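First the structure, in the form of structure tokens, and then the observations on it.
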Amino acid sequence: MLLVFLLLAAYEPGGRWWTIAGELAAFGLLGFSFLNRHLRFLPTALLLWALGMTATSFDGWVLERRGLDVTCTVLKKEPRVETSTSTDSSGHTSTHSTTYYDYRLGCPGGRPATMTTTTNAGSVGRPLQVVYDPAGRVDPVPARDTDAADVWVPGGLIAAAVVVGAGHELLVRRRWQG
């Protein structure tokens, strides 16, 4: 279900709203199934992991399929640090910082004009290989950051959830009945 909504986000009008709707529908259905005891904990955990991996790796898959490689010149690079602090129920506070690099690019044809990444991808005045979505639905990334291999991990997790769930049904239920 999530994959259908992600495909709608990548190819149909509505963009990220399709992604949000798909995540809500998929997580809601999974939560409903777990709470009504149609699914056990381990298969549910594996499916949740698969849903998360699907959502995070889908942009790379789209760029791998229809992305265009272009050599741009870095016109401006601005690093910025975003820090978040959280406190758990025991009162322990943790701080996490992420550095983002905002690039202004000079690319043939004018696209993409900007890019934000968490990797220090290039220097001002230097060429930078960038992959961008000509439809403008997926953010551009440095060419070395595109990897659609992560999209196969959710399939393995779903298969593991099916095997664990079926194994539980076949082995545990037979013991109780026999």
Suppose the filter is out of contact with any Cys (no Cβ under 6 Å at 6 or more places or on another chain), open to solvent by less than 80 Å² (accessible area, probe 1.4 Å), over 18 Å from ASP59 (Cα atoms) and in contact (Cβ under 8 Å) with a residue 40 or more places away in the chain; does SER86 pass it? no
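Test GLY60 against the criterion of being closer than 17 Å to ALA143 by Cβ, modelled with pLDDT under 90 and not acidic (Asp, Glu), and give yes or no. So that I can check it myself, show each step before the final result.
Values: closer than 17 Å to ALA143 by Cβ: yes; modelled with pLDDT under 90: yes; not acidic (Asp, Glu): yes.
Against the criterion (closer than 17 Å to ALA143 by Cβ, modelled with pLDDT under 90 and not acidic (Asp, Glu)), GLY60 qualifies.
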I'd like the full set of residues that are exposed (fewer than 12 other Cβ atoms within 10 Å of the Cβ) and more than 24 Å from the chain's Cα centre (by Cα), limited to segment 96-123. PRO108, GLY109, GLY110, SER123
Can you name every residue in segment 108-134 that is assigned to a loop (DSSP other than H, G, I, E, B) and either closer than 19 Å to VAL81 by Cβ or in contact with a Lys or Arg (Cβ under 9 Å, 6 or more places away or on another chain) (or both)? ALA113, THR118, THR119, ASN120, ALA121, GLY122, SER123, VAL124, ASP133, PRO134
If I filter segment 135-152 for residues that are at pLDDT 75 or above and part of a helix (DSSP H, G or I), do I get at least one hit? yes
Exactly one condition in (1) modelled with pLDDT of 90 or more; (2) more than 24 Å from the chain's Cα centre (by Cα); (3) open to solvent by less than 60 Å² (accessible area, probe 1.4 Å) is not met by THR93; state its number. (3)
Out of (1) open to solvent by 80 Å² or more (accessible area, probe 1.4 Å); (2) closer than 19 Å to PRO134 by Cα, the odd one out for THR56 is which? (2)
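The values are calculated or read from the model by the stated rules, or taken from the named source; none is laboratory data. All of these numbers come straight from a predicted model, not from anything done at the bench. Ideal geometry is used to build each Cβ from the backbone, glycine not excepted, and the neighbour counts take in all protein chains shown. The accessibility values were calculated without ligands, DNA or RNA, using every heavy atom of the protein model including side chains. Shrake-Rupley method; radii C 1.70, N 1.55, O 1.52, S 1.80 Å.
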